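Data block below; observations after.
Computed from the coordinates by the stated procedures, all read-outs in this text should not be read as laboratory data. Here the structure is a predicted model, which is why all the values come from computation and not from measurement. Glycine gets a Cβ as well: all are built from the backbone with ideal geometry, and neighbour counts include every protein chain shown.
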Amino acid sequence: MRELREPLMECSLPAALEAVGERWSFLILRASFNGLHHFEEFLSELGIARNILANRLARLVEHGILKREAMAVDRRRIEYLLTDKGFALLPTMIAMRQWGERWETCVPAFPILVDDRDRRPIQQVSVLSHDGRVLGKHDLIWALPGDVAADMDAVAAA
């Protein structure tokens, strides 16, 4: 376990938290996922102070999570749109929401997030193995790169 201490210090989690690990940033992202795009919309819906909103939007744009674009119909109006990098945060947002429902509020979220095709609630976000098995806390370990199976043949041989 001692040899894992140094690599863990170089973990990507601190960089991710630097980009979005703050309450207002998550609320802005949630609003973006829900279709808000304009400074004034964020301001009125979130009840956030102008200076904090401007700061958080600038940081999300700087990290490539949102992009700033002038609207085609009125070039003076700016839209903040999710990038692919920003949209990739959706599972994180859903996992945080589900965690909050279970451990903090113990109240189901409203509205309910459903599959557009079937209109059924989505499943709980889970940690999955390479073959799709749901993994629990006792199924996980940290490994050094040389100890990670490279392909399915290596897994079968183990």
Pop the C-beta distance of Leu81 and Leu13 into the FRET formula with R0 = 25 Å and round what comes out to the nearest 0.05. 0.45
Using the beta-carbon distance between Glu22 and Lys67 and R0 = 22 Å, what value does 1/(1 + (r/R0)^6) give for FRET efficiency, to the nearest 0.05? 0.65
If you line up the long axis of helix 50-62 against the longest principal axis of the chain, both from Cα atoms, how many degrees apart are they, to the nearest 10? 50
Theoretical ellipticity at 222 nm over the chain - DSSP helices of four or more residues, -39500 (n - 2.57) apiece, nearest 500: -11000 deg cm²/dmol
What's the FRET efficiency of Ile112 with Ala54 using the Cβ-Cβ distance as r and R₀ = 25 Å, to the nearest 0.05? 0.15
Using the Kirkwood formula over every pair of different C-alpha atoms, what hydrodynamic radius in Å results for the chain? 18.9
If you line up the long axis of helix 23-33 against the longest principal axis of the chain, both from Cα atoms, how many degrees apart are they, to the nearest 10? 80
